[in-house]
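Q: I have a structure I would like to understand better, so I am pasting it below and will then ask my questions one at a time.
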Amino acid sequence: MLIVTIDTLRADRLSAYGYRRPTSPNLDRLLASGVRFTQARTVEPLTNPALCSMFTSLHPHEHGATRNGLRLRPDATSVARVLNRRGYRSAAFVGNWTLRNGISGIGDHFDLYDEVLSRKRWLGMFKGEATAEDLTDAALEWLGGHREDSRRPFLLWVHYVEPHAPYRLQEDFAPKLGVRASGEVSKSDRYDTEIAFADHHLGRLLAMVERDPALAANTLIVFAADHGESLGEHSYWGHGRNLYEPTLRIPLGFVWPGRIRPGVVSSSALNIDVAPTVLGLAGLPVPGTFRGYDWSGVLQGEAPAPRDRVVWFQAHKGAVLSAQEATNARRRGLLEVGVLFEAGWRKEIFRLPEKKRWIFDLAADPREARNLAKGGALSGPLQGWMADLRKGLAASDRIAKVEVDPESAAKLRALGYAE
């Protein structure tokens, strides 16, 4: 079982999702061989909360890791722990400081958790990240060793950092995309070259799986992003601070030759659906704590895709950067709550600091340019969601201790997570 995630990756910048540039030939080929979701979103547009949600199938206010620098609640169940108990070997290779086990807790769920922090992707920053090349090299070495002793099933997770800011220009890939690699290159163009760079090195990992017929036939591949990225929409560059579509929408696909018939699903999906779907496809029971939807029946042609699903979102401050912030860090960090009703594509957002409310009709206004809210109170569902969220944040603040070490605070600040 191989789970691949790419940081800060917008679905609409992949060729498989209709982008005009050939940014992702390896991903295009992968997604064409399985089921691709066109309406997948993250429950929170921030790396640590989003990926903890993906593995635990819990919303951030339930697992406690609502901000970068906050650890998972120690009692959280994850798909990795379930598979470990079933005899799987588990390994993860991450190259993002925000995923360090000391400040995330997600590494406790894997047999091997390799923090590949060998590069300075940010100018002037000490080594705190890795490139896609570094991560693929490390994953290939582990996978090669596993093939020599393949009696046990495995779970391998690789998380690539590109195209996260600072959007470095990958000169070797610029000509293929029609990007001039000299002079002033826009941030948007640099972002595209980063996608092509990550896609190239992901292709090396996929090639190793494909070269071994037995490995290819028995390996479920899941691909997703942790969140999207705002590239100037609503006068904002980055992610994490709001619940507009550019930061919520993610690519998502499941590939398993002979087990999953290729196709496209247009119903709403969330990153918390990954864990129950993986277990469903493996023929294993799904823990009762999991909140996501098990798509295995749909992927195997045994059930229709759900309609009229209601999905929920939350946004928090970027990171905990001081001991003073650590007190009630979860409750004090909440910025926005949101809900999307699939019937009619009605989306409602409420921003707590300014007490501002938005309603969008995504079918008629996909760019979220026209706020249909005419004053008035929040809808009943969103009020209930916010109440549940606040209770969960308070509970997590009581249970999960927050510790902020100076080195992590400095690196998170250097990565742009300071408020």
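The values are calculated or read from the model by the stated rules, or taken from the named source; none is laboratory data. In this text, all values refer to a predicted model and were calculated from it rather than measured experimentally. With ideal geometry, Cβ positions are generated from the backbone for all residues, glycine too; neighbour counts draw on all protein chains shown. Just the protein is used for accessible areas: all its heavy atoms, side chains included, with ligands, DNA and RNA removed. Shrake-Rupley method; radii C 1.70, N 1.55, O 1.52, S 1.80 Å.
Q: Determine whether Arg152 is in contact with a Gly (Cβ under 9 Å, 6 or more places away or on another chain), open to solvent by 40 Å² or more (accessible area, probe 1.4 Å), more than 24 Å from Thr98 (Cβ to Cβ) and in contact (Cβ under 8 Å) with a residue 24 or more places away in the chain.
A: yes
Q: Which one of the conditions (1) surrounded by fewer than 18 Cβ atoms within 10 Å (Cβ to Cβ); (2) at pLDDT below 95; (3) on the phi > 0 side of the Ramachandran plot does Pro257 fail to meet, given that it meets all the rest?
A: Only one criterion in (1) surrounded by fewer than 18 Cβ atoms within 10 Å (Cβ to Cβ); (2) at pLDDT below 95; (3) on the phi > 0 side of the Ramachandran plot is unmet by Pro257, namely (3).
Q: Tell me, which helices (runs of 4 or more DSSP H) wholly within segment 6-70 include 2 or more residues that are open to solvent by 20 Å² or more (accessible area, probe 1.4 Å)? Break it down stepwise before answering.
A: Working: elements: 25-32, 47-56, 60-63.
Answer list for segment 6-70: 25-32.
Q: For segment 155-194, enumerate the residues that are open to solvent by 20 Å² or more (accessible area, probe 1.4 Å) and acidic (Asp, Glu).
A: Answer for segment 155-194, where residues must be open to solvent by 20 Å² or more (accessible area, probe 1.4 Å) and acidic (Asp, Glu): Glu171, Asp172, Glu184, Asp189.
Q: Further question on the same structure: Report every pair of residues separated by at least 6 positions or lying on different chains whose Cβ atoms are under 6 Å apart, first residue within segment 342-353 and farther than 18 Å from Ala369 by Cβ, second surrounded by fewer than 16 Cβ atoms within 10 Å (Cβ to Cβ).
A: Here the result reads Glu342/Asp308; Ala343/Asp308, each pair linking segment 342-353 to a residue that is surrounded by fewer than 16 Cβ atoms within 10 Å (Cβ to Cβ).
Q: Ala400 fails exactly one of the following numbered conditions: (1) touching a Gly at 6+ places or on another chain (Cβ under 8 Å); (2) of a type outside the set (S, T, N, Q); (3) open to solvent by less than 20 Å² (accessible area, probe 1.4 Å); (4) modelled with pLDDT of 90 or more. What is the number of that condition?
A: For Ala400, the exception is condition (4).
Q: Which of the following residues is farther than 19 Å from Thr277 by Cα and either of a type in the set (Ser, Thr, Tyr) or within 12 Å of the chain's Cα centre (by Cα) (or both): Ser57, Ser15, Ser33?
A: Details: Ser57 fails: farther than 19 Å from Thr277 by Cα; Ser33 fails: farther than 19 Å from Thr277 by Cα.
Answer to the check: Ser15.
Q: Between Arg168, Arg147, Arg180, which is of a type in the set (D, E, K, R), touching a residue at least 40 places away in the same chain (Cβ under 8 Å) and within 24 Å of Asp12 (Cβ to Cβ)?
A: Just a single option satisfies the conditions, and that option is Arg168.
Q: Here are some residues: Gly344, Gly416. Which one is at pLDDT below 85 and over 27 Å from Asn48 (Cα atoms)?
A: That would be Gly344, the only listed residue that is at pLDDT below 85 and over 27 Å from Asn48 (Cα atoms).
Q: Just to check your reading of the model, which residue among Val311, Val264, Val278 is farther than 24 Å from Gly69 by Cα and open to solvent by 10 Å² or more (accessible area, probe 1.4 Å)?
A: Numbers: Val311 fails: open to solvent by 10 Å² or more (accessible area, probe 1.4 Å); Val278 fails: open to solvent by 10 Å² or more (accessible area, probe 1.4 Å).
Unique residue meeting the criteria: Val264.
Q: So which strands (runs of 3 or more DSSP E) are wholly in segment 87-200 and hold at least 2 residues that are touching a Ser or Thr at 6+ places or on another chain (Cβ under 9 Å), among the small types (Gly, Ala, Ser) and within 28 Å of Ala16 (Cα to Cα)?
A: It comes to none.
Q: Next up: Taking the options Pro246, Pro251, name whichever one is at pLDDT 95 or above, in a strand (DSSP E or B) and in contact with a strand residue (DSSP E or B) (Cβ under 6 Å, 6 or more places away or on another chain).
A: Pro251
Q: I'd like the full set of residues that are of a type in the set (Phe, Trp, Tyr), within 29 Å of Ala363 (Cα to Cα) and assigned to a loop (DSSP other than H, G, I, E, B), limited to segment 264-323.
A: Of everything in segment 264-323, those that are of a type in the set (Phe, Trp, Tyr), within 29 Å of Ala363 (Cα to Cα) and assigned to a loop (DSSP other than H, G, I, E, B) turn out to be Tyr293, Trp295.
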